[in-house]
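Trainee: Mind having a look at this structure? Questions to follow.
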Amino acid sequence: MAETDSTVPKRCDLEVEKLPDGGVRLTLSGAWTLSETLPSAEQVLVELAREPTPTYITFDAGELDRWESGLLTLLLKIRGECSSRGVPIRPEGLPDGVRRLLTLATAIPERKGARRDGTRPPFLVRVADATISTWNAVQEMLDFIGEAFLSGIRLFRGKARFRRSDFLLIVQECGAGSFGIVSLISLLVGLILAFVGAIQLQMFGAQLYVANLVGIGMVREMGAVMAGIIVTGRTGASFAAQLGTMQVNEEIDALQTLGIAPMDFLVLPRMLALCLMMPLLCLYADLMGVLGGFIVGVFMLDIPPAQYYLQTCGAVRLNDLFIGVFMSSVFGILIALTGCHRGIHCGRSASAVGVATTSAVVTGIVSIIVATAVITILCYIIGI
């Protein structure tokens with residue numbers, strides 16, 4: 001007959017025993033690990049629900065081999081039920097480690113309202129909450145725009161305070177730092193526009209008008225829009241992360257304590273930098289987009305270079321160029337406002353900085369698209 005291996009841990013078990021003096025003893029045995037099927041607390045809860053109610057709960061862990069978090073979960077559930085019924089617990093029979101962890105888990109009471117309510121609020125309540133939140137966000141944004149406008153007035157009056165070195169550094173980051181990605185994206189957009197136009201125009205033998213399509217599309221709309229979206233994802237997110245981190249580190253509060261207006265010191269130089277650099281980035285994006293169309297027209301559609309150049313010059317008017325530059329200036333203001341607004345009104349945690357950065361990018365792109373639609377409709381109504 002084979003001998004039993006004494007090194008194999010005994011299967012975990014929970015026994016409930018009614019004592020003569022009205023108490024209940026819980027005997028824990030075996031290995032209470034997550035790899036085992038742990039006993040439930042139902043039999044203990046049933047014993048607590050019987051009449052008369054037990055006078056106390058005690059434990060016997062003499063045969064307990066090993067234990068993990070499953071044992072603590074069971075004991076916390078039993079402790080909570082005993083607390084609600086007023087039954088005292090005598091933990092002397094538990095191992096020292098279990099007792100210390102139970103004391104640590106129950107040292108600080110649960111904050112009221114911290115636990116999520118499982119019931120979903122009614123539909124009208126959710127609509128009302130969303131409406132109030134939206135209204136508060138709109139008011140907060142309008143207040144921020146008003147403060148930025150007043151900061152601009154203080155600049156023209158010579159009363160705005162910010163460091164010129166910070167302004168030049170932001171100009172470099174917004175302008176020269178964005179040339180690489182603007183070059184790549186604008187060139188590819190010009191190539192795509194030329195390919196899409198060529199497929200249709202070749203059906204009529206009018207592939208020469210690819211120059212008109214790419215030139216007007218890039219100069220009037222796409223150059224400014226693509227530059228704005230790129231700067232939103234690159235610079236707008238950077239503004240939100242920088243100011244959000246300053247908010248977490250209480251640097252903005254320190255500026256207010258020193259009597260320095262955060263709008264003048266932090267927001268104003270960023271707005272000025274984007275207002276100055278966005279038109280230049282727009283012109284550069286226009287050039288790279290036209291170059292992309294030029295590559296397709298000359299090397300794939302066999303259009304002579306001089307003819308493509310003359311066709312582009314004849315199609316693009318100064319009005320188209322001015323509209324694109326004006327749109328880019330508006331985009332610069334919107335990107336700076338959304339990025340700085342999300343950063344300054346950021347929460348006081350690392351996750352709040354991430355949320356503010358994401359919100360700045362999403363809000364900036366949406367505002368660019370809406371502004372493009374509004375300006376395009378106004379230009380159509382005016383006739384330019």
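Trainee: If the requirement is being free of Cβ contacts under 8 Å to residues at least 12 places away in the same chain and either crowded, with 16+ Cβ neighbours inside 10 Å or among the aliphatic types (A, V, I, L, M) (or both), which of these qualifies: L276, L301, L310?
Mentor: From the options L276, L301, L310, the qualifying one is L310.
Trainee: Right, here's the next one. What do you reckon, is A224 touching a Cys at 6+ places or on another chain (Cβ under 6 Å) and either part of a helix (DSSP H, G or I) or surrounded by fewer than 17 Cβ atoms within 10 Å (Cβ to Cβ) (or both)?
Mentor: The answer is yes for A224.
Trainee: Continuing with this model, one more query. If you go through the range 230-263, how many residues are surrounded by fewer than 21 Cβ atoms within 10 Å (Cβ to Cβ), touching a Lys or Arg at 6+ places or on another chain (Cβ under 8 Å) and assigned to a helix (DSSP H, G or I)?
Mentor: Of the residues in that region, 1 qualify.
Trainee: To continue, here is another question. Go through the range 154-180 and report how many residues are closer than 12 Å to M263 by Cα and of a type in the set (A, V, I, L, M, F, W, C).
Mentor: 3
Trainee: If we only count helices (runs of 4 or more DSSP H) wholly inside the range 62-174, which ones have 1 or more residues that are at pLDDT below 80?
Mentor: In the range 62-174, 69-85, 96-105 are the helices (runs of 4 or more DSSP H) which contain 1 or more residues that are at pLDDT below 80.
Trainee: Still on this structure, please answer the following. Based on this model, can you work out whether L155 counts as free of Cβ contacts under 8 Å to residues at least 40 places away in the same chain and either closer than 18 Å to A237 by Cβ or hydrophobic (A, V, I, L, M, F, W, C) (or both)?
Mentor: Taking the combined requirement at face value, the residue does not satisfy it.
Trainee: Mind checking which residues of the range 200-251 are within 28 Å of R317 (Cα to Cα) and of a type in the set (D, E, K, R)?
Mentor: Answer for the range 200-251, where residues must be within 28 Å of R317 (Cα to Cα) and of a type in the set (D, E, K, R): R220, E221.
Trainee: Same structure, new question: What number of residues within the range 132-159 are closer than 14 Å to A273 by Cβ and over 30 Å from the mean Cα position of the chain (by Cα)?
Mentor: Residues that pass the stated criteria total 1.
The values are calculated or read from the model by the stated rules, or taken from the named source; none is laboratory data. Computed from a predicted structure; not experimentally measured. Heads up, the Cβs are rebuilt from the backbone with ideal geometry, glycines too, and the neighbour counts pull from every protein chain shown.
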